[in-house]
1. Give me the distance in nm between label points sitting 7 Å out from Cα along the Cα-to-Cβ direction at T316 and A127, one decimal.
2. With a sphere of radius 9 Å drawn around the Cβ of C304, what net charge do the other residues whose Cβ falls strictly inside it have (Lys, Arg +1; Asp, Glu -1)?
3. Can you give the extra length, in nm with one decimal, that the chain gains between E102 and T165 once fully stretched, where that is 0.36 nm per residue apart less the Cα-Cα distance?
4. Cα extents of segment 54-129 along the three principal axes, largest first, in whole Å?
5. If I stretch the segment between D208 and D176 completely, what's the gain in nm (0.36 nm per residue apart, minus their alpha carbon distance), one decimal?
6. If you put +1 on each Lys and Arg Cβ and -1 on each Asp and Glu Cβ, how big is the dipole of segment 115-250 around its Cα centre, in Debye rounded to 20?
7. Any chance you could run the full-extension gain for S89 through Q257? It's 0.36 nm times the residue separation minus the Cα-Cα distance, nm to one decimal.
8. Please enumerate, by chain and number, the lysines with C-alpha under 23 Å from the C-alpha of K260, excluding those fewer than 8 residues away in the same chain.
Amino acid sequence: MTVARKAAALVLVTSLLTGCSFGPPPPDQTGTPPKLPSPSMSPSGTSDDGQAAVEVVARDLAVPWGLDFLPDGTALVTERDSNRLLKVSLADTGPSGTPVTEVQKIAGVTNGGDGGLLGLAVSPQYATDKTIFIYYSTATDNRIAKLTLGGTPQPIVTGIPYGATDDGGRLAFGPDGFLYAGTGDAGNPASAADPKSLGGKILRMTLDGKPAPGNPGPTLVYASGFRDVEGLGWDRAKRMYATDKGDTTFDELNVIQPGKDYGWPVAQGRIGDQKYVDPLLTWKPDQGGCAGVGGAGLVLVTACLTSTRLYVLQVTDSGTALGAPQPLLTKKYGRLRTVAAALDGSVWVTTSNKDGQGNPTPDDDQILRIVPAGSSGSLS
């Protein structure tokens, strides 16, 4: 799925910015706050509050982590703990729901803690190259590989630090057509500030895993000073955003600038030190734990683990927050990890209740499909 088509799809979530308000969040100095509907969605199945509907399209998964779409609308999903690469196709929906098909198991993946089979991104040239990219853990490192479906992964980046915690893992193609990866410090905070380490960084590369033209230096490193980057997204001005899961002080949403240092482990939250870039937003960990993020137009949507919700945030043309981020689906489905837009205008979200930190129900883990009013992805 191309970046432009993703943007067109996620723009439709802005229909959630109409209707009833959660309340009057304080406006910032550049405008008035967004208004969102109060959701009335049931975790037991499909419901509709007049603004958006939620459908459970897959159940019984083992921590669905990476999610992207093929040009025909088929979803590809990685399971962190089973090493399975799955297909979910709405075109094959039957009486029992949308079928999930196993494409293959990825060999050589090490599971445990935050590691396993993590991020996934579909090549913007998929129609011709049939290539997807995955981020996964081995016994010695995290790595990025390319493969054709059913084929053997070919590593293109190795040596990303691997640990029991904070392995990053998000992959996404930017508006420039290059592949971006969010990594973690793997439990070694000093690696985030070490220019020789790929840990605690945002990486930018060609489809062959080489440093992309225009990188701040001769390496893959695009930005540094992060603890655990699990979300990457862009707005209509091609500004890049990334989530960073902190320790016990702050979680962050950052506007990413090439060559900049975002402070970890020296700085957390806003400290006003010119050596580091202050985050756009911060949350206390119990209100955040935000992993996935998607952007289109001037709207960002984050999927959050600890606070068990989505946040919808409107930003200004200059890239500042327009009012407070507004919650959706709080405590409806448990821990939410990944958010991605489909071709039909729906927004897909994965739960992460079997990751060792949640309270799974018999249906977990699940993939949710949110249909904003006015999109073509009607639930029938």
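1. 4.0
2. +2
3. Length gained, E102 through T165: 20.0 nm.
4. Rounded to whole Å, the extents work out to 35, 33, 22 Å.
5. 10.0 nm
6. 380
7. Gain in length upon complete extension: 56.8 nm.
8. Answer for K260, where 23 Å is the Cα cut-off: K196, K201, K210, K238, K245, K275, listed by chain and number.
Values in this text are rule-based calculations from the coordinates and carry no lab data. None of the values given here were measured: they were computed from a predicted structure. No Cβ is skipped: glycine too gets one built from the backbone with ideal geometry, and neighbour counts run over all protein chains shown.
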